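The values are calculated or read from the model by the stated rules, or taken from the named source; none is laboratory data. Model, not experiment: these values are computed from the prediction. Note that each Cβ is placed from the backbone with ideal geometry, even for glycine, and that neighbours are counted across all protein chains shown. Please note that ligands, DNA and RNA were not included when accessible areas were found on the heavy atoms of the full protein model with its side chains. Shrake-Rupley method; radii C 1.70, N 1.55, O 1.52, S 1.80 Å.
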Amino acid sequence: MSTSVLDLPAPVATRLRRPGWRDPRLLVGLAMIAGSVALGSWVVQEAQRTTGVYVARDALTPGSGVTGGELAVAQVRLPADELERYVTVADGVPEGTVALRVVAPGELVPRGALGDAGALDVRPVPVTVDEAPSEDVVAGAQVDLWEVPARGPETGAAAAEPRELASALTVAQVSRPEGAFVTGGTTVVHVLVPGDLLPEVLAAVGGEGSVHVVHVPGTGG
């Protein structure tokens, strides 16, 4: 006896069920989405995060006192290892801090550029010059000191031979004649002299000859 097609049982349609809140696949998907959103938010926040770092308003020269109020502040985004090189606002500037080396105007203040005055081996020596020095001779510039010995009666008309006293010394301060109608006048250049050169430089400055300030090209203004 043959079985007709009509006698076969009809297939039962499988009904798709909506996944419930307890479905592991749904929970995993939600966790991945939440993680991606959190990671993206963290990346954006890190990219926008800045740190306040001190900036020199004017040139800082060795031995000059430094306070936080005299410095400007810049908001910067730097890698952590690079940020450690500079003085941040959070670090602050301890009382009694001085500059240990030249920091140019507008430069971020390096940690190594500040410290205690006891670490310095230079002293400011005022050098009076009758002829106005180069406009590039400003605080932070470097100069050479030359002595021209006084011409005594025994030398006759022979020119005195100049000699170099010191080279590449840092200028701490320059006092120029002020006033719109001032012509000529003397300028005082305060030069930072290492301790071992002090006796010779002071002897020349206080001697009968003249000391000349010669600007080192490429430094200063």
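The label point for THR128 and the one for ARG163, both projected 7 Å from the Cα toward the Cβ, are 2.4 nm apart. Residues whose amide H falls under 5 Å from that of ALA166, counting only those 5 or more places apart or on a different chain, are LEU145, with hydrogens built in the peptide plane. The simple spin-label model puts a point 7 Å past each Cα toward its Cβ; for LEU78 and LEU202 those points are separated by 3.9 nm. Within the accessible surface of the stretch 91-154, defined with a 1.4 Å probe on protein heavy atoms only, the carbon and sulfur portion equals 51 percent. Residues whose amide H comes within less than 5 Å of that of THR97, counting only those at least five positions distant or on another chain, are VAL66 (H built at 1.01 Å from N in the peptide plane).
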